[in-house]
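Report on one structure; see the data block that follows.
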Amino acid sequence: MDMQPPAGPNFAIPPAAPRGLCTDCGISRTAAPKRCATACQFIKPNYPALEHAVHGRARDPARPDELFFGPFRRMLRAALAAPREGAQWTGITTRIAERLLETGAVDAVLTMAPDPADHWRPMPVLVTRPEDLAPCRGMRMGYAPLLALLEPARALGHRRLAIIGIPCQIYALRALEAELGFERLYVIGTPCSDNTTTERFHEFLALLTDAPETVTYLEFLPDFHVELRFTDGRVRRIPFLRLPISKLPADFFPLTCRTCVDYTNVLADITVGYMAGSGAQWLIVRNDRGEALLSLLGHEIVLTPLTSAGKRASSVAGYLKNVELAAGGLPVRSMPNWLRPIMAWLMPRIGPRGLEFARTRVEMKAVETVLHLRARHPRRMRNMVPAHIWGLVAAYGLVPTKEETK
Ligand SMILES: Cc1cc2nc3c(=O)[nH]c(=O)nc-3n(C[C@H](O)[C@H](O)[C@H](O)COP(=O)(O)OP(=O)(O)OC[C@H]3O[C@@H](n4cnc5c(N)ncnc54)[C@H](O)[C@@H]3O)c2cc1C
Ligand code: SF4
Ligand code: SF4
């Protein structure tokens, strides 16, 4: 498909102010960069307070899945009846945004388009015409200052805005929402994990294929395979266990993404992911606005109940052992070559599936956060690690020391 960025004003984005742990969400490039101190997920996040402000309540311990995925009204398996060309899955995310523009519910949508010089690089754009969202479909790897376009949006007179973003961007947005002064704000979030710079991602592609420039699509599927698509229409599926992970440099994933405490975008109105979807998409409808966003799709969307199978405990415990080695700078234990094809065949059949797969991944990410911060920034733990992370890792013997909690 044509990968032109949407038509629209070309905004000059100021340079980023240097920060320590930072994914360049854009706040450091605004007129008031000092707001990073209160807005940043990596400094002193306050999830219970923001969950309360956005959803009217924090997570409810009586609904155990909220401890994994944040507050929600309902969770569903979902697919667009007519999947959109160029979408990462079926295109629910960008279709909701198109409907917001089509119905006049918002003046503009703030999201990422592919950079014209490199289609894997995200580039923030303000979109005002529904047809200009088509080129924004699909996942790109890397960071780009989405929130730097909030001020231009205001300056253009946009009062009602929709934002599509990943969790570290949405945390900062919510932390500042009250002072931003938008009349209406809809937040469509996607989960996010294992992001890295676009440059590093190109290195990964080069390990997977001799012709990395021909790869148009990559996704880590819940059936333990990576799917690659190529410009000539070929599709290749690689079992996770056969990925060249051991060839990646130790700093391939930046510390931000190894210590990120929000996998499922708990402050979005609706989260559109795939992890619990067993091959389809996964919706987490979190509040009234999330319900209104879903209702915009009417009969265009097919909704079915989620399923769950398998048990996660041994997968997470095995993962913890490897992260302990990696965080201590030691080589990870690799599986003998003869066992790999057997495990690659077995995992989609007996491993955690559906909701249990999503719980597995959320617990793994929580384990990673604790172990990497302990190894690299122990003094930041008391401010950076929220209580919900400690709740998730307790079953694996990870408990906070006195210094690690407030
Ligand atoms: C780095 C990354 C990691 C992810 N990891 C997971 C995961 O582990 N589990 C999971 O369930 N989902 C994950 N997702 C979300 C998933 O890839 C799909 O985007 C999501 O399921 C929506 O699919 P869709 O077909 O509805 O999206 P589409 O309609 O194709 O729209 C995708 C939207 O994502 C935006 N986008 C693309 N790249 C970026 C980026 N780098 N930064 C910010 N916004 C971007 C696009 O601008 C577009 O608006 C990840 C997304 C990213 C960007
Ligand atoms: S708020 Fe955004 S720009 Fe500021 S330090 Fe955090 S991630 Fe970086
Ligand atoms: S993994 Fe977390 S910190 Fe990294 S880009 Fe995704 S949301 Fe941001």
>> I'm checking my understanding of the structure. Among residues of segment 39-74 that are under 16 Å from CYS168 (Cα atoms) and in a loop (DSSP other than H, G, I, E, B), which one is most open to solvent (accessible area, probe 1.4 Å)?
In response: LYS44
> Which pairs have Cβ atoms under 7 Å, sit 6 or more apart or on different chains, and link a residue in segment 366-384 that is in the same structural domain as VAL316 (by TED's automatic domain parsing) to one that is among the aromatic types (Phe, Trp, Tyr) and surrounded by fewer than 19 Cβ atoms within 10 Å (Cβ to Cβ)?
Replying inline: VAL367/TYR396
> Here is a list of conditions, (1) open to solvent by 20 Å² or more (accessible area, probe 1.4 Å); (2) within 16 Å of ligand 2 (Cβ to nearest atom), and ALA211 meets all of them except one; can you say which number that is?
Replying inline: (2)
> Does segment 257-275 include one or more residues that are over 24 Å from VAL54 (Cα atoms) and without any contact (Cβ under 8 Å) to a residue 40 or more places away in the chain?
Replying inline: no
>> Give me the residue from segment 246-256 that is surrounded by 15 or more Cβ atoms within 10 Å (Cβ to Cβ) and under 23 Å from ASP223 (Cβ atoms) and, out of that set, modelled with the lowest pLDDT.
In response: LEU248
>> Looking only at segment 173-190, how many residues end up being open to solvent by less than 30 Å² (accessible area, probe 1.4 Å) and within 20 Å of ALA366 (Cα to Cα)?
In response: 1
> Among THR128, THR111, which is open to solvent by 30 Å² or more (accessible area, probe 1.4 Å) and of a type in the set (S, T, N, Q)?
Replying inline: THR128
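The values are calculated or read from the model by the stated rules, or taken from the named source; none is laboratory data. As the structure is a computational prediction, the values presented were derived from the model and not from experiment. FYI the Cβ positions are ideal-geometry reconstructions off the backbone, even for glycines, and counts take in every protein chain you see. Heavy atoms of the whole protein, side chains included, go into the accessibility calculation; ligands, DNA and RNA do not. Shrake-Rupley method; radii C 1.70, N 1.55, O 1.52, S 1.80 Å.
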